[in-house]
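Asks: Can you keep this structure in mind? I'll have questions shortly.
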Amino acid sequence: MMDPTSWMTIYPEIVLLVMACVIALVDLTVKSPRRTATYVLSLLTLAGVAWLNASYASADQTLYGWGRLVVSDPLGHWLKCFAALAVMVTLVYARPYAADRDMLRGGELFSLSLFALLGMDFMISGQNFLVIYLGLELLTLSSYALVALRRDHTPATEAAMKYFVLGAMASGFLLYGMSMLYGATGSLQLDEVLQAIASGQIKHQVLVFGLVFIVAGLAFKIGAVPFHMWIPDVYQGAPTAATLLIGGAPKLAAFAIIVRLLVEGLMPLAIDWQQMLSLLAIASLLIGNLAAIAQTNLKRMLAFSTIAQMGFVLLGFVAGVVNGQTTLAANAYSSAMFYVVGYVLTTLASFGIIMLLARQVFESE
């Protein structure tokens, strides 16, 4: 019989999964032009999940479940709480915008948003390469559908196609890097990978080869230069409601998987990934800020701003390792987390204003 502790570690995810399925079923049976029932259920679910995660985080204990596939710790639960609240605010902004553009006709907006949040939660709490990867794919597949939700809008369809093609490439990079590390260490568990690398019995070149692909895949997902090419086109072409969803809460999950993969799993390779992140951060800061100055479209300008902000986040990870030592790591990573939360709040505000100023046949961008 499964240990009750295992169930405790994923109670928020169970609630989210059950309610996402319930909302999808309600959507099929209760027909309403503005989807009031599913909207209210979604907000209640998100509020409940946020409260549940905040309660877990306040307990200040770390639990492992399902054979150490997932972890329940304060860092993860605070990030999941913030992500749920960010999605909640997004839906409040998005509903009138989506209703004016006939995006609520099928009712997928709310259930897809919850499934995207479920993917984020597994990314945040994963302690296994496959759990993190499957959470990432659940998030990205939901995001593809949300970007293409406005079926009669050509720019949205084009943005979804670009997002899908480049997102698939990024997923391939990440999966290939994970497979290289699995082949070298013989394990998918982050703690076992850490022990195998720390033993010094594995060729450094093999580990760095896999690390390069993992960092490239992560850079694609957060939009760091030179893997940023999808961000401006997708942000501009997608409906603003979808842009807000993919540009806000997922950055919290992206921060989490960088912590889980690079800090908790690959810390013996810190000097190597520090150099890679330094280059990505500097390039993102330069190109993101300079390109944003030349933009005449608000959403495109904010897209390049996002690229620059991710450069600042990466600098937080770079600062955690000084001369091969990690004595300042806790301060550096907590500062990076604070910055990510602040970035999500400003993103909600900026794209929210764009949606509030929009009209049925007019985009205020």
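The values are calculated or read from the model by the stated rules, or taken from the named source; none is laboratory data. Remember, predicted model here, so these are calculated numbers, not experimental data. Here the Cβ is made from the backbone with ideal geometry for all residues, glycine too, and neighbour counts use every protein chain on show.
Asks: Only one of (1) assigned to a helix (DSSP H, G or I); (2) touching a Leu at 6+ places or on another chain (Cβ under 6 Å); (3) under 20 Å from A292 (Cα atoms) fails for G217. Which number is that?
Replies: (3)
Asks: If you check N297 against the conditions, is it under 30 Å from R95 (Cα atoms) and either surrounded by fewer than 17 Cβ atoms within 10 Å (Cβ to Cβ) or at pLDDT below 85 (or both)? Walk me through how you get there before you give the answer.
Replies: Details: under 30 Å from R95 (Cα atoms): yes; either surrounded by fewer than 17 Cβ atoms within 10 Å (Cβ to Cβ) or at pLDDT below 85 (or both): yes.
When the stated conditions are applied, N297 passes them.
For (1) surrounded by fewer than 23 Cβ atoms within 10 Å (Cβ to Cβ); (2) within 15 Å of the chain's Cα centre (by Cα); (3) of a type in the set (S, T, N, Q), each residue gets a yes or a no:
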site: P250; (1), (2), (3): no, yes, no
site: L280; (1), (2), (3): no, no, no
site: L286; (1), (2), (3): yes, no, no
site: A291; (1), (2), (3): yes, no, no
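Asks: Sticking with this one: On the given criteria, is G288 assigned to a loop (DSSP other than H, G, I, E, B) and touching a residue at least 12 places away in the same chain (Cβ under 8 Å)? Spell out the reasoning first.
Replies: Numbers: assigned to a loop (DSSP other than H, G, I, E, B): no; touching a residue at least 12 places away in the same chain (Cβ under 8 Å): yes.
Criteria not met by G288.
Asks: Same structure again: Hey, can you tell me all the residues within the stretch 1-46 that are modelled with pLDDT of 80 or more and touching a strand residue (DSSP E or B) at 6+ places or on another chain (Cβ under 7 Å)?
Replies: Passing the criteria: only I10.
Asks: Check whether at least one residue in the stretch 162-177 is crowded, with 17+ Cβ neighbours inside 10 Å and in a loop (DSSP other than H, G, I, E, B), and report yes or no.
Replies: No; the residues of the stretch 162-177 include none that is crowded, with 17+ Cβ neighbours inside 10 Å and in a loop (DSSP other than H, G, I, E, B).
Asks: Can you name the residue in the stretch 214-223 that is aliphatic (A, V, I, L, M) and modelled with pLDDT of 90 or more and is also surrounded by the fewest Cβ atoms within 10 Å (Cβ to Cβ) among such residues?
Replies: Just the residues of the stretch 214-223 that are aliphatic (A, V, I, L, M), to begin with: 214-216, 218-219, 222.
Adding the requirement that they be modelled with pLDDT of 90 or more leaves 214-216, 218-219.
Numbers: I214: 27, V215: 25, A216: 21, L218: 26, A219: 26.
Among those residues, the one meeting the criterion is A216.
Asks: Further question: Could you go through the stretch 233-240 and let me know if any residue there is surrounded by fewer than 23 Cβ atoms within 10 Å (Cβ to Cβ) and part of a helix (DSSP H, G or I). Before the answer, list the steps.
Replies: Within the stretch 233-240, the first condition is being surrounded by fewer than 23 Cβ atoms within 10 Å (Cβ to Cβ), and the residues that meet it are 233, 236.
From what is left, the residues that are part of a helix (DSSP H, G or I) are 233, 236.
Yes; the residues of the stretch 233-240 include at least one that is surrounded by fewer than 23 Cβ atoms within 10 Å (Cβ to Cβ) and part of a helix (DSSP H, G or I).
Asks: Based on this model, can you work out whether A329 counts as buried (at least 20 other Cβ atoms within 10 Å of the Cβ) and either small (G, A, S) or farther than 21 Å from K221 by Cβ (or both)? Walk me through how you get there before you give the answer.
Replies: Details: buried (at least 20 other Cβ atoms within 10 Å of the Cβ): no; either small (G, A, S) or farther than 21 Å from K221 by Cβ (or both): yes.
Here the answer is no, as A329 does not meet what is asked.
Asks: Given the criteria under 22 Å from the mean Cα position of the chain (by Cα), closer than 13 Å to L261 by Cβ, hydroxyl-bearing (S, T, Y) and in a helix (DSSP H, G or I), does Y144 qualify? Step through it out loud before you land on a result.
Replies: Details: under 22 Å from the mean Cα position of the chain (by Cα): yes; closer than 13 Å to L261 by Cβ: no; hydroxyl-bearing (S, T, Y): yes; in a helix (DSSP H, G or I): yes.
It is false that Y144 is under 22 Å from the mean Cα position of the chain (by Cα), closer than 13 Å to L261 by Cβ, hydroxyl-bearing (S, T, Y) and in a helix (DSSP H, G or I).
Asks: Within the stretch 124-177, track down each residue that is acidic (D, E) and farther than 30 Å from G65 by Cα.
Replies: Once the filter is applied, which keeps residues that are acidic (D, E) and farther than 30 Å from G65 by Cα, the stretch 124-177 yields D152, E158.
Asks: Can you tell me which residue within the stretch 178-202, out of those that are loosely packed, with under 15 Cβ neighbours inside 10 Å and assigned to a helix (DSSP H, G or I), is nearest to the chain's Cα centre (by Cα)? Explain how you work it out, then say what you get.
Replies: Applying the first criterion (loosely packed, with under 15 Cβ neighbours inside 10 Å) to the stretch 178-202 yields 179, 183, 186, 195, 198-201.
Now restrict to residues that are assigned to a helix (DSSP H, G or I): 179, 183, 195, 198.
Numbers: S179: 21, G183: 27, Q195: 27, A198: 29 Å.
This residue is S179.
Asks: Moving to a separate point now. Give me the residue from the stretch 293-307 that is free of Cβ contacts under 8 Å to residues at least 24 places away in the same chain and under 21 Å from the mean Cα position of the chain (by Cα) and, out of that set, farthest from G342 (Cα to Cα).
Replies: By that ranking, first place goes to M301.
Asks: Return the only residue of I258, I271 being among the aliphatic types (A, V, I, L, M), touching a residue at least 12 places away in the same chain (Cβ under 8 Å) and out of contact with any helix residue (DSSP H, G or I) (no Cβ under 8 Å at 6 or more places or on another chain).
Replies: Numbers: I258 fails: out of contact with any helix residue (DSSP H, G or I) (no Cβ under 8 Å at 6 or more places or on another chain).
Selected residue: I271, the only one of I258, I271 that is among the aliphatic types (A, V, I, L, M), touching a residue at least 12 places away in the same chain (Cβ under 8 Å) and out of contact with any helix residue (DSSP H, G or I) (no Cβ under 8 Å at 6 or more places or on another chain).
Asks: Can you name the residue in the stretch 292-316 that is among the small types (G, A, S) and in a helix (DSSP H, G or I) and, of all such residues, is nearest to V263 (Cα to Cα)? Outline the logic, then answer.
Replies: So the first thing to find is which residues in the stretch 292-316 are among the small types (G, A, S), and the list is 292, 294, 303, 305, 308, 311, 316.
Then keep just the ones that are in a helix (DSSP H, G or I); that gives 292, 303, 305, 308, 311, 316.
Details: A292: 31, A303: 27, S305: 26, A308: 22, G311: 17, G316: 12 Å.
Ranking the qualifying residues of the stretch 292-316, first place goes to G316.
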